[in-house]
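S.K.: Here it is: the structure, laid out below.
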Amino acid sequence: MEITTIGLDLAKNVYQVHAINGVGEVVVRKALRRVQVLRFFERLDPCLVGIEACGTSHYWAREISKFGHEVRLMPPAYVKPYVKRGKTDASDAEAICGNAPDDAVRRDQVM
């Protein structure tokens, strides 16, 4: 399973992961508990990970980047235009990840 881009939506206890491959097909769409997050990223080949900026995003960015991933933090204002339907953690993760080359995490304006 080749993953090129991941959108990670952080919450209190359950985090949403949305991952796509090089041609934009969804390969992972799942919820992870906090204790599962680092194990999940540890097992992956290095890829681009997008996280919406929040109180704990810098911590997770540092921890995930230790496994060789390129982590980009985005302000919520950059993610909101890409949410296709109601605001849920899963739809936020999908919006962060995107599925086209110019979507949220792959834009140059990220922090």
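Any read-out appearing in this document is the output of simple, stated calculations on the displayed coordinates, not a laboratory observation. None of these values were measured; they are calculated from a predicted model. Glycine also receives a Cβ, built like all others from the backbone with ideal geometry; neighbour counts cover every protein chain displayed.
S.K.: If you rank HIS69, HIS58, HIS18 by fewest surrounding Cβ atoms within 10 Å, what's the result?
M.R.: Listed from fewest to most nearby Cβ atoms, that is HIS58, HIS69, HIS18.
S.K.: Mind giving me the nanometre distance, one decimal, between the label points for VAL14 and GLU63, set 7 Å out from Cα along Cα→Cβ?
M.R.: In this crude spin-label approximation the distance works out to 1.9 nm.
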